[in-house]
Every structure is written in C-alpha cells, then in structure tokens.
Amino acid sequence: MLFVKKMEQFCAFIPIDVDASLGSARLSIRIYAIIIMSLISVSVVSVIPYISPTNTNKTPHQIFMINSLPLAVICLSMTIFAILIFVSQLFEQIDMMENRMQKLQKGDYRDLKLPVTTRDEFGKLITNFNQFADESVNIFTLMFDAMGKSQDVSDNLMKGTGETALSIFQITEKINMIHSDVDRQTQSILQTQTTLEQVVNNIQNLDRGIDTHAVSVNESASSVGEMIANIKSVTNVLEQNSQSIANLEEETKNAGDAILAALSMTDQIATASDGLLEASDVIQNIASQTNLLAMNAAIEAAHAGEYGKGFAVVADEIRKLAEEAGAQGKSISQVLESLKGQIDQVQKESDRVKTRFSHMSAMTTTVREQEAVIMSAMHEQSEGNAQVMKAIKNMTDVTQKIKVGSDEMLAGSEVIQKEMIALGEVSEKIFKNLQQINEGARQINITTQSLSELGAKNKETLDNMVAKTESSIKI
Amino acid sequence: MNKVEKNIEKAFTYAKQPEKFPISLLFLDLFGHLFWIPGAIALALISTIGSPPNYLVAATVKSASFIVVTCILAILPVIKYRIYSRVIMNWKEDWKKAGDVVAKIKRMFLIPIFLSILAVVAFAIELKLGFADVLLVSIIVISAEIIIG
C-alpha cells in the first residue's frame with residue numbers, strides 16, 4: 001500500500017483521463033481486497049496452530065494462548081495499520097475537498113485548484129473539480145467583463161439617448177429645411193425642363209447647321225480638288241514653258257553669238273573694204289600717174305615726131321587705158337564707198353540687233369526667273385492646297401464627330417428631359433415622404449424619452465448587481 | 001496556515017515532474033515482492049514456538065532453489081522499474097499510455113500481496129514446504145504480473 005501511495009504521488013504530474021474506466025483501481029475494490037485479505041489472514045493465522053502437527057501435544061488453551069492469540073494480534077495490528085494508512089489517505093483528500101468547498105461557499109474562487117495525487121475516484125473527482133473551478137473562473141471573468149461592458153453600454157446608451165434626442169430635433173429642423181429645398185428644387189426642375197426644351201430645339205438647329213456645313217465642306221473640298229487639278233495643269237504648262245524659255249534662251253544666245261560672228265566678219269569686210277578703197281585710190285593714182293605719163297609720153301612722142309608716132313599711139317592707148325583705169329578705179333571707189341556705207345549700215349544694224357538680242361536675252365532671263373517664281377508659287381500653292389485639303393478632311397471628320405456628338409447630345413437631352421420629368425415626380429414623392437419622416441421623427445422623439453427612462457433604470461439595476469457580485473465573488 | 005493547507009501545498013509539490021524516476025519506488029516494490037519470505041519464516045517460528053523442527057526453515061532458506069526464486073523475484077521489480085520508468089518519464093509523448101501503466105502497476109501489486117498470504121499460510125501449515133512449491137508460488141506471481149503488465 002505504501003508503494004501504491006508513493007507511486008500515485010510520484011505520478012501526480014500525469015493527467016487523468018476522466019472518461020476512462022478505473023477498473024480494478026477503484027476505491028471499492030481496494031477496500032474489499034483489504035477487508036477480505038485481512039479476514040483471511042487473521043482467520044488462517046489463528047487456525048494454523050491448531051492444525052499444525054507440531055502442536056498435537058498441546059491443549060487448545062495452550063495453543064490459543066501461546067500461538068493463536070499472538071499471531072492474531074500481530075495480524076490484526078498489521079491490518080489496522082494498513083486500514084489506517086488507507087483511511088488517512090482518503091481523509092486527507094476529503095479534507096482538501098472540504099477546504100475548497102468552504103472557499104466556494106464564501107464566494108472565493110482564487111486558488112481553488114487541488115493537486116491530483118491518486119488515480120481513483122478521488123483523482124477523477126478532483127480533476128473534475130479543477131475543471132469546474134477553471135470553468136467557473138472563466139464564466140465569472142466573462143460575467144464581470146460582460147457586466148462592465150453592460151455598464152459602459154448603459155452609460156453610452158444614456159448618453160446616446162440624449163444625443164439622439166438632440167439629433168432628432170436637429171433632424172426635424174433639417175427635414176423642414178429639406179422640405180423647403182425640395183419645394184424650390186421642384187420649381188427649378190420645372191424651369192430646367194423649359195430650358196431643356198429650348199436646348200433641344202437649339203441642338204436640332206445646330207444639327208441642321210452641321211448638315212449644311214458638311215455639304216459646304218464637301219463642295220469646298222471638290223472645288224479645292226478642281227483647283228489642285230488646274231494648278232497641276234498650269235504647273236505642267238509652266239514646266240513646258242520653262243523648257244521652251246530655256247530653248248529660247250539657248251537659241252538667243254546662239255543668235256547673239258552668230259550676230260557677234262557676223263559683226264566680226266562685217267568689221268573684217270569693212271577693213272577689207274577700206275583696203276580696197278586704198279587700193280582703188282592707188283589704182284586711181286596709178287591711173288592718174290599713168291595718164292600723166294601717157295601725156296608726157298605723147299608730148300615726148302610729139303617731140304619725137306615721126307619716130308614718136310607709134311609711141312604716141314601707144315601713149316595714147318596707155319592714156320586711154322589710164323583714163324579707163326581711173327574711171328574704173330573711181331567707179332570701184334564709188335562702189336566700195338557705197339559698199340562701205342552699206343557695211344557700216346549693216347554694222348550699225350548688227351549692233352542694234354546685238355543690243356536687241358542682249359535685251360532679248362535679259363528679258364528671257366527675266367521671263368525664266370519669273371517662270372521659276374511662278375513655278376515656286378505654283379508648288380507652294382499645290383502644297384497649300386494639300387494642306388487645305390487635309391484641313392478640309394479634318395474639318396469633315398470634325399464635322400462628322402460634331403454631328404455624332406450633336407446626335408448624342410440630342411438623344412441625351414431627350415433622356416435628360418425624360419429624367420427631369422421623372423425627377424419632378426420623385427421630388428413630389430420625396431415631398432410626401434418628408435412629411436411622413438417628420439411624423440416619424442416626432443414618434444422617435446417620444447420613444448427616445450421613454451428609452452432614456454428605461455436606460456436609467458437599467459443602469460441602476462446593473463450598478464446594484466455589479467456591486468453585489470463584486471462583494472460576494474472573488475476571482 | 002492549517003494542516004489541510006499544508007497538505008495541499010505539499011501535494012502540489014508532487015505535481016511537478018522530477019528529473020529522475022525515484023529509486024525509493026524500486027525498493028518499495030522489492031519490499032512488496034520479498035516481504036512474504038521473512039513474514040512466512042517469522043510466522044512459522046512463532047506458530048511453532050517450543051517445537052524442534054525449526055531446522056527445516058533454515059534448510060529451506062539455504063536451498064539453491066529458494067535462492068534462485070528469491071533472485072528472480074528480486075530481479076522482476078528491477079525489470080519493471082526500467083520498463084515503466086521510461087514510459088512514465090516520457091508521459092508527454094502519450095499521457096494516456098502513461099496513465100494506463102500506473103493503473104497496471106497498482107493492479108499488479110495486489111497479486112504479490114494475495115499470493116504472499118497464501119505462501120505464508122502454506123509455510124505455517126506445513127514446514128516441510130517443498131522447494132517445488134516455493135518455485136510454483138514464485139512462478140504464479142511472475143506469470144500474473146506478466147499477464148497483467
């Protein structure tokens with residue numbers, strides 16, 4: 001028994017499975033075992049000396065006094081000792097339970113748990129008691145928390161009720177303000193409806209204007225397209241003209257060069273003509289000298305007489321030839337003079353032509369430059385037209401978007417118009433509901449007052465309950 | 001602090017697990033297993049006071065079989081101690097199993113008590129208790145403990 005007791009004390013740190021069956025470890029079985037074994041031991045030990053073969057020569061009285069009685073006393077003493085150990089162990093646990101029950105009776109839930117030192121019914125009982133103590137402490141803790149929270153809630157409720165009454169008063173005032181605002185809103189909605197109708201009409205006009213604008217833009221686009229085609233045609237002609245002017249300039253330059261060549265040749269002819277005139281003058285001088293010589297020869301032939309007759313004929317012939325040569329020389333000089341005059345005239349005309357060609361070349365250059373300016377202007381015009389076309393295209397796109405937007409605006413305006421009608425109806429409903437809310441607020445005010453009275457009573461009850469609980473229960 | 005509160009405080013110290021399994025439990029178990037032998041001898045001597053055959057007791061105690069049986073009965077608690085102390089000290093791994101072990105130890109302890117009484121009776125009735133009977137008693141004790149354990 002001492003071993004079992006020590007064993008159970010040592011194993012006190014191992015938890016007990018309260019749901020498991022105890023089996024032969026039950027207290028009742030241990031008690032029965034102790035009683036039965038004690039009875040058997042005392043009985044047998046008392047009887048043994050009588051049946052022992054070594055005591056056959058003794059009287060029963062002697063056997064009883066010498067053998068049985070001392071043995072029975074020893075056995076009974078041991079049995080009583082064992083029962084005392086067992087019972088003291090039981091009473092220790094009963095005392096511990098009683099101690100804890102007294103604490104419970106005083107409402108003291110502090111340090112209520114007991115150590116489990118036996119693994120029998122008492123062990124289970126103490127385990128359950130410890131669980132009960134834990135649960136009770138938890139429940140009381142929760143209860144105290146709940147009561148504290150209830151007090152706070154009650155305070156807040158009281159405070160909230162006052163604030164609610166004030167808020168309801170303010171709400172009633174606000175409702176009255178909303179009432180007048182809703183009235184004004186209804187008037188505004190009616191005005192807005194009228195304005196919206198005008199807006200819809202304006203949008204429809206705008207829509208038509210956008211259509212017209214779109215047609216105009218399309219016409220402008222086609223006109224600009226034609227203009228671009230014309231500019232292209234003009235540009236082509238100008239390019240051809242430019243080529244012709246270049247050719248003309250080339251030809252003019254060639255002609256000028258030819259004129260210069262002719263003028264050079266005329267100068268050479270004039271120079272040659274001067275040479276011819278000098279030659280003619282030389283011829284005429286030679287003819288005159290020859291004539292003088294012929295005359296001198298005739299004179300000399302006349303002086304020579306008969307002898308000189310032949311010579312006179314020759315001289316006469318020479319004189320005739322000299323005269324003829326002089327006449328021809330004169331005629332040549334006249335022709336050459338005339339020719340020189342004509343050459344000079346040609347020279348002058350060539351100079352004039354040269355000057356005119358120079359003018360013509362300058363004018364051609366001017367025309368070419370002006371042609372280039374016109375070409376540049378045409379290119380710029382073409383680029384400008386492209387930009388105009390792009391702008392017109394953008395304008396067309398924008399016009400289409402404006403058209404779409406206008407249609408959407410129109411549709412939206414119609415929807416808004418419908419919504420404004422619905423809003424007007426809703427405003428009327430709000431107006432009616434506000435009247436009901438006003439009535440409800442008055443009812444809430446009455447309820448709040450009664451709630452405030454109930455809250456005050458509830459707080460008083462809670463305060464009393466908390467005071468009583470805290471004075472009676474300690475955790 | 002009254003006596004009950006002192007007991008409670010003392011009992012709370014048991015709830016803390018010691019670092020080692022107490023050796024005192026082994027000695028108590030050994031005492032339970034072997035106490036019947038001196039008890040039986042004392043009973044035999046008392047019940048036959050004045051009688052000559054006490055030499056039989058001395059002969060029995062000196063016999064080889066008696067020594068072997070006593071050794072076996074002495075070794076058995078040591079084996080139990082080694083097996084069960086491990087389970088009990090590692091109770092956190094399986095606390096239900098540890099609880100079952102404690103319950104088994106309690107149950108097993110009833111057997112040597114009961115059988116020791118029988119042996120004492122047998123000793124007392126007939127001092128000519130044969131060695132085979134002593135061996136039988138011991139085997140019954142060991143078998144019962146093994147079956148229960």
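Quick notes
- Failed criterion for A:LEU114 (all others in (1) farther than 30 Å from A:SER28 by Cα; (2) open to solvent by less than 20 Å² (accessible area, probe 1.4 Å) hold): (1)
- Filter result for A:GLU323 (at pLDDT 80 or above and surrounded by 13 or more Cβ atoms within 10 Å (Cβ to Cβ)): yes
- Selection status of A:ASN67, surrounded by 16 or more Cβ atoms within 10 Å (Cβ to Cβ) and either over 60 Å from the mean Cα position of the chain (by Cα) or more than 9 Å from chain B (Cβ to nearest Cβ) (or both): yes
- Filter pass, A:ALA20 being farther than 30 Å from B:ALA42 by Cβ, of a type in the set (Gly, Ala, Ser) and within 9 Å of chain B (Cβ to nearest Cβ): yes
- Here A:PRO49 fulfils each of the conditions (1) open to solvent by 20 Å² or more (accessible area, probe 1.4 Å); (2) at pLDDT below 85; (3) in contact with a Leu (Cβ under 8 Å, 6 or more places away or on another chain); (4) not aliphatic (A, V, I, L, M) apart from (1).
- Filter result for A:GLU251 (among the acidic types (Asp, Glu) and under 24 Å from A:ARG352 (Cβ atoms)): yes
- Here is the figure for the stretch A:126-182: residues that are within 14 Å of A:ILE475 (Cβ to Cβ) and of a type in the set (D, E, K, R) total 3.
- A:GLN105 being of a type outside the set (A, V, I, L, M, F, W, C), more than 30 Å from B:GLY99 (Cα to Cα) and more than 8 Å from chain B (Cβ to nearest Cβ): yes
The values are calculated or read from the model by the stated rules, or taken from the named source; none is laboratory data. Since this is a predicted model, take the numbers as computed values, not measurements. Counting neighbours? That spans all protein chains shown, and the Cβs are built from the backbone with ideal geometry, glycine included. Only protein heavy atoms, including side chains, enter the accessible area calculation; ligands, DNA and RNA are left aside. Shrake-Rupley method; radii C 1.70, N 1.55, O 1.52, S 1.80 Å.
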